[in-house]
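Worksheet for the structure shown next.
The values are calculated or read from the model by the stated rules, or taken from the named source; none is laboratory data. Everything numeric here is computed off the predicted structure, so don't read it as measured data. Backbone-built Cβ (ideal geometry, glycine too); neighbour counts: all protein chains shown.
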Amino acid sequence: MHTTNPPLEFDTDAVLHFVINGRSGRQNGDATRHEIESALHAAGRRGKLHICDPADLVRTTTELAHEAKTTHAAIVAVGGDGTINTVAQAAHRAGCAMGVIPRGTFNYFARTHGIATEVPAAMAQLLKGRPEPVQVAAVNDQLFLVNASVGLYPDLLEDREVWKNRYGRSRWVAFGAALATVMRSQQQLTLQIGVGAEQRVVRTLTLFVGNNRLQLEQVGMVSGPRSIVVRDNGRVMAVVLKPIGTLALLGLLLRGAMGTLGEADSIENFEFDEMVVKPPRMLARRRIKMAFDGEVVHMKPPLLFSVKSTPLYLLKPPPEDREAPA
């Protein structure tokens, strides 16, 4: 993103609004709330905690984001990818600042920007933070911070949710769910992809669009020093997985775990700022199952992937307080 964005007015005396998804476990949620309240009290800062049922999350975050814009405050997401995405949607539309206390499994968005994954440390950073512009992308009208995809990857996320509910939240559980997904027979997709004037038809198991350099780096799609993990250059990366068999898919899963996915012959990748994706004409009226930032939805085609010209303003800690991604 090469344009210069004006600074966002932010009042450190205004009330911070913390949005917590009520679907989180009670014991873990109680501990998180206590740590947030303790940090606010110790710093002499004002904050309100809003425990939301999933069905009320969109409405509540929309109202709080408008209030935060009016008072030059911030709305803070406390949770995993889905909660963070919902808060980001509201903050981006309202034009207010947003903070993050990550409580997910991988926490790519927070870690990319040097935000700690433990609540006390993340709160200490948040209370020193100032709004800085960060790049966001969208598919149709749906914002995404980390990735969006169609095909195999949404199936993987659905399986991961089942495994998480059964076995708990961990990276090993996520890896086990991925194994279960690739062991099933996979449906090939025929998609028409348009980037600029170029139009082509591809057959693929999944089309993945990444807006997070850390995630792309860890699976081996990009490389570079840790100091340049964040690269808001107005473009995102598409990854196309060609049709392959189950054994080859297992090999790709291992490559991803080892950070060498980009070396695989069955993977194609390219960068873009805008891309249109359509199914075959006979299926043009059907909704397409897709995923964004860990949430699975069905969208009506065509799918327009784009980098938003207006950034999201994220409360980032001072450079000296940022954590290097592990």
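Across the stretch 288-310, what is the total count of residues that are buried (at least 17 other Cβ atoms within 10 Å of the Cβ), assigned to a loop (DSSP other than H, G, I, E, B) and either modelled with pLDDT of 95 or more or out of contact with any strand residue (DSSP E or B) (no Cβ under 7 Å at 6 or more places or on another chain) (or both)?
Of the residues in the stretch 288-310, 1 are buried (at least 17 other Cβ atoms within 10 Å of the Cβ), assigned to a loop (DSSP other than H, G, I, E, B) and either modelled with pLDDT of 95 or more or out of contact with any strand residue (DSSP E or B) (no Cβ under 7 Å at 6 or more places or on another chain) (or both).
Which residues, taken from the stretch 1-41, are modelled with pLDDT under 90, buried (at least 17 other Cβ atoms within 10 Å of the Cβ) and assigned by TED's automatic domain parsing to the domain that holds residue 102?
21, 24, 29
Of these, 45, 59, which one is of a type in the set (D, E, K, R) and surrounded by 15 or more Cβ atoms within 10 Å (Cβ to Cβ)?
Going through 45, 59 in turn, the sole match is 45.
Filter the stretch 42-52 down to the residues that are at pLDDT 95 or above and hydrophobic (A, V, I, L, M, F, W, C) and list them by number.
Correct list: 42, 43, 49.
What residue, among those in the stretch 62-77 that are touching a residue at least 40 places away in the same chain (Cβ under 8 Å), part of a helix (DSSP H, G or I) and not small (Gly, Ala, Ser), is surrounded by the most Cβ atoms within 10 Å (Cβ to Cβ)?
Residue satisfying both the conditions and the ranking: 64.
Give the residues of the stretch 81-112 that are crowded, with 22+ Cβ neighbours inside 10 Å and part of a loop (DSSP other than H, G, I, E, B), sorted by residue number.
Result: 96, 103.
Quick one: which of 139, 173 is out of contact with any helix residue (DSSP H, G or I) (no Cβ under 8 Å at 6 or more places or on another chain) and over 18 Å from residue 266 (Cα atoms)?
Of the residues listed, the single one that is out of contact with any helix residue (DSSP H, G or I) (no Cβ under 8 Å at 6 or more places or on another chain) and over 18 Å from residue 266 (Cα atoms) is 139.
Take the residues in the stretch 275-287 that are modelled with pLDDT under 90 and not in a helix (DSSP H, G or I); name whichever of them is surrounded by the most Cβ atoms within 10 Å (Cβ to Cβ).
279
Exactly one condition in (1) in a loop (DSSP other than H, G, I, E, B); (2) at pLDDT 75 or above; (3) among the aliphatic types (A, V, I, L, M); (4) over 21 Å from residue 171 (Cβ atoms) is not met by residue 244; state its number.
(2) is the only condition that residue 244 fails.
For the stretch 113-159: of the residues being part of a loop (DSSP other than H, G, I, E, B) and aliphatic (A, V, I, L, M), which is farthest from the chain's Cα centre (by Cα)?
116
Given the conditions (1) under 14 Å from residue 317 (Cα atoms); (2) in contact with a Leu (Cβ under 8 Å, 6 or more places away or on another chain), report the number of the one that residue 177 does not fulfil.
(1)
Which members of the stretch 49-61 meet the condition of being farther than 23 Å from residue 31 by Cβ and either outside any helix (DSSP H, G or I) or small (Gly, Ala, Ser) (or both)?
Answer for the stretch 49-61, where residues must be farther than 23 Å from residue 31 by Cβ and either outside any helix (DSSP H, G or I) or small (Gly, Ala, Ser) (or both): just 55.
Residue by residue, here is whether (1) at pLDDT below 95; (2) under 30 Å from residue 17 (Cα atoms) holds:
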site	(1), (2)
93	no, yes
111	yes, yes
115	no, yes
125	no, yes
157	yes, yes
196	yes, no
202	yes, no
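Taking the stretch 197-216 on its own, how many of its residues are in a strand (DSSP E or B), surrounded by 15 or more Cβ atoms within 10 Å (Cβ to Cβ) and out of contact with any Leu (no Cβ under 7 Å at 6 or more places or on another chain)?
The number of residues fulfilling the criteria is 2.
Please tell me if residue 14 is under 18 Å from residue 131 (Cβ atoms) and in contact (Cβ under 8 Å) with a residue 40 or more places away in the chain.
Taking the combined requirement at face value, the residue satisfies it.
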